[in-house]
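Reading through the structure tokens given below for one structure.
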Amino acid sequence: MIFVTVGTQLPFDRLVGAMDDWAARHPGVEVFGQIGPTSAMPRHFKAVDFLPPAEVEHYFRRADCIAAHAGMGTILSALVLRRPLIIMPRRQALNEHRSDHQVTTARWLQDDLRLTVASDTEELCRLLDERQSLCLGREIGEAASTPLLDTLRQFALTTHQNRQMQSGWSLRWRGLRSALRPNKTP
């Protein structure tokens, strides 16, 4: 089974349309999608607009392959559950997103985590045909690493201390300003 997910915030008609075309040519392969707000309603695979998180996990676990946008929740879930993933990033030039951050994210994921990225619909279809040989990407755990947690903890502590210092200076500055103002008599 192939699970298609585009996230829940923006339509991704290009991915939904490509998956529908692919499913039409492969009627023996089950495809199910969480396709969000789209105008490209699939005719050759079953889909819903939105799934609760527990159902998304159910489909992730069932899937032999996941085809998705470059959303971090989807990517992390596929890595944790060790499922083959094909990422097709949304592109700003095609009005699929406000910026090309998904393209940049996909390049990094391809290089650093060894994930499979489709740059266009033709490549997506070719990769779906070769899905049995897809790399699972670098294995990650369900929890953040100790060095990452230590870094975040230190950042939060430093930020909190800086805010306390700024608040203290702010209170002193307000007190000084009040003391320097001329007395107003009614």
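Remarks
- Packing-based order for 41-54, 90-103, 112-125, 11-24, using average beta carbon neighbours within 10 Å, highest first: 11-24, 112-125, 90-103, 41-54
- Within segment 40-79: backbone nitrogen closer than 13 Å to the Thr8 label point (7 Å, Cα to C-beta): 49-57, 73-74
Rule-based calculations on the coordinates, nothing more; no lab input. It should be emphasised that the depicted structure is a prediction, and the values quoted were computed from it without experimental measurement. All Cβ positions, even for glycine, are placed from backbone atoms using ideal geometry, and neighbour counts span all protein chains on display.
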